[in-house]
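The values are calculated or read from the model by the stated rules, or taken from the named source; none is laboratory data. Note that the structure is predicted; figures quoted are calculated from it, not measured. Please note: Cβ atoms are built from the backbone with ideal geometry, for glycine as well, and neighbour counts cover all protein chains shown. The area values use the complete protein model at the heavy-atom level, side chains included, leaving out ligands, DNA and RNA. Shrake-Rupley method; radii C 1.70, N 1.55, O 1.52, S 1.80 Å.
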Amino acid sequence: QPELVKNARFEGIFEIPVIDKPKRIFIPDGITPFSRRNEAPTDSEAIGFFEMDPMFADVLRNPQAYVEELKKFPVVISPDCSLYRDAPLTVQIANVYKKNAISHFWQTQGVDIFALVRWGSRDTYTTDVLPEPIAFAGIPHDSIIVISTYGCIKSKDDKYHFEAGLDACLRTLTPKIVLVHGAMPEKIFGPYLKYAEFHNYPDWITRKKGGRHG
């Protein structure tokens with residue numbers, strides 16, 4: 001879909017489309033999944049894609065079809081294209097590209113976008129293999145970003161890669177505000193709270209049950 005990146009700026013050796021800084025900084029009341037968008041207030045909620053890929057597969061295939069609907073909300077978070085650590089690096093790079101390409105396109109159509117930052121294997125957030133950390137390509141610096149822990153900090157290995165990626169993310173992008181979807185345990189986030197303003201949002205199931213993450 002080359003039309004998605006028409007007039008885009010690109011970053012890095014893989015020419016990842018650049019997501020521009022949002023026009024305004026907005027701290028949403030909550031993050032509503034795309035599949036539940038009809039339940040979300042159109043003046044205070046962010047729309048996110050933190051759910052199984054089939055729930056928003058049509059968005060990835062045809063993002064043009066959802067522009068007018070998404071413009072009703074004050075902010076939309078980049079599509080959450082999965083970056084599994086055990087996936088081939090080529091697939092992880094392709095999903096970073098896809099996420100940014102759709103985000104760029106929606107920005108050109110007047111949708112306010114907050115950039116989601118996802119990292120997968122160590123190769124995506126370090127320069128061990130690539131000359132640049134591909135997970136952070138095309139993401140605005142010194143701005144607001146979104147990250148998610150949901151399903152990402154279950155095992156000891158998960159926690160290691162999440163925290164290592166978080167450290168690299170904050171050092172590389174130096175965000176002013178970080179919206180965290182999912183659990184935000186002190187053991188992982190505590191050392192980093194002084195570097196940015198963090199806002200925590202429970203996942204949808206926890207939220208509907210009236211709970212909050214700590």
- Item | Every residue from the stretch 133-157 that is at pLDDT below 90 and either within 30 Å of Lys23 (Cβ to Cβ) or in contact with a Cys (Cβ under 7 Å, 6 or more places away or on another chain) (or both) | Tyr150, Cys152
- Has the stretch 33-48 got at least one residue that is in a loop (DSSP other than H, G, I, E, B) and free of Cβ contacts under 8 Å to residues at least 12 places away in the same chain? no
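Look at Tyr84 and say whether it is in contact with a strand residue (DSSP E or B) (Cβ under 8 Å, 6 or more places away or on another chain), among the hydroxyl-bearing types (Ser, Thr, Tyr) and either assigned to a helix (DSSP H, G or I) or loosely packed, with under 14 Cβ neighbours inside 10 Å (or both).
The answer is no for Tyr84.
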- Query: If you check Phe14, Phe34, which single one turns out to be closer than 18 Å to Val117 by Cα, among the aromatic types (Phe, Trp, Tyr) and open to solvent by 70 Å² or more (accessible area, probe 1.4 Å)?
  - Reply: Phe14
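If I filter the stretch 199-214 down to residues being outside any helix (DSSP H, G or I) and within 18 Å of Ser78 (Cα to Cα), which single residue comes out as most open to solvent (accessible area, probe 1.4 Å)?
Only one residue fits best here, namely His199.
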- Message: Among the numbered criteria (1) in contact (Cβ under 8 Å) with a residue 60 or more places away in the chain; (2) under 21 Å from Thr172 (Cβ atoms); (3) out of contact with any Lys or Arg (no Cβ under 6 Å at 6 or more places or on another chain), which one does Asn7 miss?
- Response: (2)
- Task: Please work out which residue is farthest from the chain's Cα centre (by Cα), limiting yourself to the stretch 47-90 and to residues that are closer than 18 Å to Phe26 by Cα and of a type in the set (A, V, I, L, M).
- Result: Leu70
- Item | Residue count, the stretch 87-98 (criterion: open to solvent by less than 40 Å² (accessible area, probe 1.4 Å) and part of a loop (DSSP other than H, G, I, E, B)) | 1
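Residue by residue, here is whether (1) open to solvent by less than 10 Å² (accessible area, probe 1.4 Å); (2) under 25 Å from Glu163 (Cα atoms); (3) under 12 Å from the mean Cα position of the chain (by Cα) holds:
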| residue | (1), (2), (3) |
| --- | --- |
| Asn100 | yes, yes, yes |
| His104 | no, no, no |
| Asp112 | no, no, no |
| Leu116 | yes, yes, yes |
| Gly120 | yes, yes, no |
| Asp123 | no, yes, no |
| Ala135 | yes, yes, yes |
| Asp142 | no, yes, no |
| Val146 | yes, yes, yes |
- When residues of the stretch 10-32 are filtered for being closer than 18 Å to Ile93 by Cβ and either of a type in the set (Val, Ile, Thr) or in a loop (DSSP other than H, G, I, E, B) (or both), how many remain? 7
- Task: Output the residue which, of all residues in the stretch 159-191 that are out of contact with any strand residue (DSSP E or B) (no Cβ under 6 Å at 6 or more places or on another chain) and outside any helix (DSSP H, G or I), is most open to solvent (accessible area, probe 1.4 Å).
- Result: Lys176
- Just checking, how many residues over the stretch 111-139 are farther than 23 Å from Val67 by Cβ, of a type outside the set (Gly, Ala, Ser) and not in a loop (DSSP other than H, G, I, E, B)? 6
